Amino acid sequence: MFKSNALVLFSGGQDSTVCLAWALRRYKNVSTVGFDYGQRHKIELICRQSVLSQFKSLNTFSETSLGEDIVLDLSVLGQVSETSLTRDVEISVANTGLPSTFVPGRNLIFLTLASAVAWRRGANTLVGGMCETDYSGYPDCRRTTLDAQEQALSLGLDREMAIETPLMHKSKADTFAMAKALGGEELVEVIVEETHTCYLGDRSHRHDWGYGCGTCPACELREKGWKEWTEAGRPVDETALD
């Protein structure tokens, strides 16, 4: 039984791709929103279009209702944040203990603007790939933060607005297992070949797990998850279908 409408925050990376597959298995109408915030790995904006095109031909999702996509211009984020994701500087850990890839308020801004798009499209659910298990310590990825944001959005819009985070307590290995359950080896292949995760925007180096520099935190995390998943026999996470 399909639920109502959902809007997926879709970057073109592994996590948001699995979230899109998850939403398409649950919601009657699913649309997507992306953000151009001056990210160093801007190649993801090109990759996301390739992934969306692939979804329309995948056997599992070819007949599902994948609706309108929009990319919002958030270049102002690059102006107000000096981070390794928006500047050509070395990735490191700051004195605060947070990685220099942390863009302050990014997810909060994404969700606020996404809720406005959802409101216009008649959707009451936002779906995002935020995760507490395999993450870089970003405070706006925590479920407690998102619970507060969910309440604020619902009050501010005078309409219930849910924030679904299917990957919140999943490791990267779990995410690969979810992908296989949701879309089979076809979806796993799309993730490897089409999605982008590398913070440096490298598409010149092909690894078993996909494209990237292989040394930035995002690449290391994806490689670790791939190895764990393949060494475990490439299991399927059937709970992703619940």
(message) I'd like to verify a number: residues in segment 184-221 that are out of contact with any Asp or Glu (no Cβ under 9 Å at 6 or more places or on another chain), at pLDDT 95 or above and within 22 Å of C131 (Cα to Cα), how many?
(response) 5
(message) Checking G184 against (1) closer than 29 Å to R26 by Cβ; (2) under 17 Å from the mean Cα position of the chain (by Cα), only one condition comes out false. Which one?
(response) (2)
(message) Tell me the residue from V76, V117 that is of a type in the set (V, I, T), more than 27 Å from G210 (Cα to Cα) and at pLDDT 95 or above, please.
(response) V117
(request) Output the qualifying pairs, or none if there are none: Cβ atoms under 8 angstrom, residues six or more apart or on different chains, first residue in segment 214-242 and at positive phi, second residue at pLDDT 95 or above and among the aromatic types (F, W, Y). (result) R234/F176
(message) Would you confirm, using the coordinates I've provided, whether L52 is touching a residue at least 40 places away in the same chain (Cβ under 8 Å), part of a strand (DSSP E or B) and either among the aliphatic types (A, V, I, L, M) or touching a helix residue (DSSP H, G or I) at 6+ places or on another chain (Cβ under 8 Å) (or both)?
(response) no
(message) Conditions first: (1) more than 17 Å from R48 (Cβ to Cβ); (2) of a type outside the set (A, V, I, L, M); (3) crowded, with 17+ Cβ neighbours inside 10 Å; (4) within 18 Å of the chain's Cα centre (by Cα). H169 passes all but one, so which condition is the exception?
(response) (3)
(request) Residue by residue through segment 11-44, note down the ones that are assigned to a loop (DSSP other than H, G, I, E, B), modelled with pLDDT of 90 or more and surrounded by fewer than 23 Cβ atoms within 10 Å (Cβ to Cβ). (result) R25, R26
(message) If V236 meets every condition in (1) part of a loop (DSSP other than H, G, I, E, B); (2) under 25 Å from E164 (Cα atoms); (3) within 17 Å of the chain's Cα centre (by Cα) apart from one, which number is that one?
(response) (3)
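Name the one entry in G122, G128, G105 that is surrounded by fewer than 19 Cβ atoms within 10 Å (Cβ to Cβ), of a type in the set (G, A, S) and at pLDDT 90 or above. Don't jump to the end; show me each part of the working.
On the way: G128 fails: surrounded by fewer than 19 Cβ atoms within 10 Å (Cβ to Cβ); G105 fails: at pLDDT 90 or above.
Unique residue meeting the criteria: G122.
Just name the residue that is farthest from Y37 (Cα to Cα) out of those in segment 47-71 that are among the charged types (D, E, K, R) and at pLDDT below 90.
So the first thing to find is which residues in segment 47-71 are among the charged types (D, E, K, R), and the list is 48, 56, 63, 68-69.
Then drop every residue that is not at pLDDT below 90, which leaves 56, 63.
On the way: K56: 27, E63: 32 Å.
In this case the residue turns out to be E63.
The values are calculated or read from the model by the stated rules, or taken from the named source; none is laboratory data. Since this is a predicted model, take the numbers as computed values, not measurements. Neighbour counts are summed over all protein chains in view; Cβ atoms, including those assigned to glycine, are modelled from backbone coordinates with ideal geometry.
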